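Below: the structure, in structure tokens.
The values are calculated or read from the model by the stated rules, or taken from the named source; none is laboratory data. Nothing here was measured: the structure is a model prediction, and the numbers come from that model. Because the Cβ atoms are built from the backbone with ideal geometry, glycine has one as well, and the counts that use them run over all protein chains shown.
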């Protein structure tokens, strides 16, 4: 099942201007669940970058965590399954940080998918749109 077949909003990262690291609320990922964090960057001054990355709910970074460096006016999606979290962790959050001395306009949303549930579109049904 694709994450787009059965999703729900878990948390948002309200549009804001940041000059240091900022984090979303943590999202619980019990067994079989996936999360996808979408980040959109606007202007970055002076010509810097923004790094978006996934952390555990308590702010721990781990090896092989999803990370994406973005320039102005770019977007990224960072997807993770519950099984990819480090042992002993069941929550994930998105963290964003502009490069040193930069200010960035950023917004985001974290969606979750429950892979234990039935797909939103059943076999032999008609998908509209």
>> So residue 67 passes all but one of these: (1) over 11 Å from residue 110 (Cβ atoms); (2) in contact with a helix residue (DSSP H, G or I) (Cβ under 9 Å, 6 or more places away or on another chain); (3) modelled with pLDDT of 85 or more. Which condition number does it fail?
In response: (2)
> In region 7-29, is there at least one residue being closer than 23 Å to residue 87 by Cα, in contact with a helix residue (DSSP H, G or I) (Cβ under 7 Å, 6 or more places away or on another chain) and in contact (Cβ under 8 Å) with a residue 24 or more places away in the chain?
Replying inline: yes
> Counting only residues that are part of a loop (DSSP other than H, G, I, E, B), modelled with pLDDT under 90 and under 25 Å from residue 88 (Cα atoms), how many does region 13-62 have?
Replying inline: 7
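Yes or no, residue by residue, for (1) under 21 Å from residue 10 (Cβ atoms); (2) in contact with a strand residue (DSSP E or B) (Cβ under 6 Å, 6 or more places away or on another chain):
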residue	(1), (2)
26	yes, yes
39	yes, yes
42	no, yes
58	yes, no
73	no, no
77	yes, yes
81	yes, yes
86	yes, no
89	yes, yes
>> Looking only at region 104-129, filter to residues that are over 12 Å from the mean Cα position of the chain (by Cα) and surrounded by 15 or more Cβ atoms within 10 Å (Cβ to Cβ); which one of those is modelled with the lowest pLDDT?
In response: 115
>> Could you tell me how many of the residues in region 82-103 are within 14 Å of the chain's Cα centre (by Cα) and either modelled with pLDDT under 50 or in a loop (DSSP other than H, G, I, E, B) (or both)?
In response: 1
